[in-house]
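**Q** So that we are looking at the same thing, I have put the structure below in structure tokens.
The values are calculated or read from the model by the stated rules, or taken from the named source; none is laboratory data. These numbers were taken from a predicted model, which means no experiment stands behind them. Counting neighbours? That spans all protein chains shown, and the Cβs are built from the backbone with ideal geometry, glycine included. Ligands, DNA and RNA are stripped out before the accessible areas are found, and what is left, the full protein with its side chains, is counted by its heavy atoms. Shrake-Rupley method; radii C 1.70, N 1.55, O 1.52, S 1.80 Å.
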Amino acid sequence: SSSKNLSFTTRHTLTFTPKFDDEDHYFTTLVRMELTNGNGSGTGTSTYGLPNGISSATSQGQLGNMWTSLSQWRSIYFTYSGHYSFRSKYSLDITARLDGSTKFGPGNRWGFFPAVSGRWNIIDEPWMEWARPVLSMLSLRPGWGQVGRQPGAQYLHFSRYGTTTQYMDMPAMRPNNVRLTDLKWETKTTWNIGTDVGFLDDRITMDINVYDQLTDNLLMRNVAIPTS
């Protein structure tokens, strides 16, 4: 058997960071598009009735099977992210991503995954000046976001058939898969509340996080189901 896969990816990124007269403000934003185009092909033969150790398909023997394959896939995503901070004391990050993939049926090819997070450096507040000789860092970091995952195989939303053993004296075919027309993006939703603490000019540091993750529409490969 032999197979070949080729994938081509192109990425375009635009970053913009304006300059403010008031240096207390800082803002940067990014827009990106990425396009992936891939294809694969394969061929194989198998023989039997040969002595042990002979594996060449060109050897004289009984032909057991022949097969060929061809596949193509396309994916694209657009993402936007923005970061704003004020005096490095308060900051806000916003991200939005739009994904499209041919591995899903026409009704579910696009997925939208947003995220938002922030940071408050409490130690920089004027009313925390009394603690700075000992407490060098104290911040709070809340966040929420979603990410998506697509399956690792193509054509899952089609009914595919292949050859099988003969029925009496006639060649026969059988279905190779269950048609998954309602397959959707696997989505992981996460919220997080974290804090950074530093003592004695950050000689001692702690990073504490509390988070929760929930995954919907799990993509599971080769799960056994009843034959009915």
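**Q** What pairs come up if the first residue lies in region 23-42 and is closer than 28 Å to Leu6 by Cβ, the second is in a loop (DSSP other than H, G, I, E, B) and open to solvent by 30 Å² or more (accessible area, probe 1.4 Å), and their beta carbons are under 7 Å apart, counting only those six or more places apart or on different chains?
**A** As it stands, the answer is Gly42/Ser1, since those pairs meet every condition given.
**Q** Which residue is nearest to Gly111 (Cα to Cα), if the candidates are limited to region 214-228 and must be exposed (fewer than 10 other Cβ atoms within 10 Å of the Cβ) and either of a type outside the set (Gly, Ala, Ser) or touching a strand residue (DSSP E or B) at 6+ places or on another chain (Cβ under 9 Å) (or both)? First the steps, then the outcome.
**A** From region 214-228, those exposed (fewer than 10 other Cβ atoms within 10 Å of the Cβ) are 220-228; that's our starting set.
Filter once more, keeping what is either of a type outside the set (Gly, Ala, Ser) or touching a strand residue (DSSP E or B) at 6+ places or on another chain (Cβ under 9 Å) (or both): 220-223, 225-227.
Values: Met220: 18, Arg221: 20, Asn222: 24, Val223: 24, Ile225: 27, Pro226: 30, Thr227: 32 Å.
Ranking the qualifying residues of region 214-228, first place goes to Met220.
**Q** In region 1-22, which residues are open to solvent by 90 Å² or more (accessible area, probe 1.4 Å) and free of Cβ contacts under 8 Å to residues at least 40 places away in the same chain?
**A** Once the filter is applied, which keeps residues that are open to solvent by 90 Å² or more (accessible area, probe 1.4 Å) and free of Cβ contacts under 8 Å to residues at least 40 places away in the same chain, region 1-22 yields Lys4, Asn5, Leu6, Phe8, Arg11, His12, Leu14, Phe16, Lys19, Asp21.
**Q** Could you please find all residues in region 45-58 being closer than 17 Å to Ser2 by Cβ and assigned to a loop (DSSP other than H, G, I, E, B)?
**A** Ser55, Ser56, Ala57, Thr58
**Q** Regarding region 150-169, can at least one residue be identified that is among the acidic types (Asp, Glu) and either under 30 Å from Phe113 (Cβ atoms) or touching a Lys or Arg at 6+ places or on another chain (Cβ under 9 Å) (or both)? Talk me through it step by step, then tell me what you get.
**A** Taking region 150-169 first, the residues among the acidic types (Asp, Glu) are 169.
From the residues that got through so far, the ones that are either under 30 Å from Phe113 (Cβ atoms) or touching a Lys or Arg at 6+ places or on another chain (Cβ under 9 Å) (or both) too are none.
No, region 150-169 has no match at all.
**Q** Please verify whether Ser69 is in a strand (DSSP E or B) and surrounded by 14 or more Cβ atoms within 10 Å (Cβ to Cβ), treating the condition exactly as stated. Can you show your working first?
**A** Details: in a strand (DSSP E or B): yes; surrounded by 14 or more Cβ atoms within 10 Å (Cβ to Cβ): no.
No.
**Q** Which residue is nearest to the chain's Cα centre (by Cα), if the candidates are limited to region 147-199 and must be outside any loop (DSSP other than H, G, I, E, B) and basic (Lys, Arg)? Steps first, answer last, please.
**A** Here is the first cut: in region 147-199, the residues outside any loop (DSSP other than H, G, I, E, B) are 147-149, 161-167, 170-175, 186-199.
Checking the rest, the ones that are also basic (Lys, Arg) come to 149, 174, 188.
Details: Arg149: 4, Arg174: 33, Lys188: 10 Å.
Among them, the one singled out is Arg149.
**Q** Which condition from (1) of a type outside the set (S, T, N, Q); (2) under 26 Å from Thr187 (Cβ atoms); (3) open to solvent by less than 60 Å² (accessible area, probe 1.4 Å) is the one that Gly61 breaks?
**A** Gly61 satisfies all of (1) of a type outside the set (S, T, N, Q); (2) under 26 Å from Thr187 (Cβ atoms); (3) open to solvent by less than 60 Å² (accessible area, probe 1.4 Å) except (2).
**Q** Let me ask something else. What do you reckon, is Ser55 loosely packed, with under 15 Cβ neighbours inside 10 Å and hydroxyl-bearing (Ser, Thr, Tyr)? Reasoning before the result, please.
**A** Details: loosely packed, with under 15 Cβ neighbours inside 10 Å: yes; hydroxyl-bearing (Ser, Thr, Tyr): yes.
Criteria met by Ser55.
**Q** Can you tell me which residues in region 185-207 are of a type in the set (A, V, I, L, M, F, W, C) and either exposed (fewer than 10 other Cβ atoms within 10 Å of the Cβ) or on the phi > 0 side of the Ramachandran plot (or both)?
**A** Start the filter on region 185-207 by keeping residues that are of a type in the set (A, V, I, L, M, F, W, C), which leaves 185, 191, 193, 197, 199-200, 204, 206.
Passing the criteria: only Leu200.
**Q** Now for a separate question. When the residues of region 172-184 are filtered to those that are of a type in the set (D, E, K, R) and loosely packed, with under 15 Cβ neighbours inside 10 Å, which remaining residue is nearest to Trp120 (Cα to Cα)?
**A** Restricting attention to region 172-184, the residues satisfying the condition of being of a type in the set (D, E, K, R) are 174, 179, 182, 184.
Then keep just the ones that are loosely packed, with under 15 Cβ neighbours inside 10 Å; that gives 174, 179, 182.
On the way: Arg174: 61, Arg179: 49, Asp182: 42 Å.
Here the answer is Asp182.
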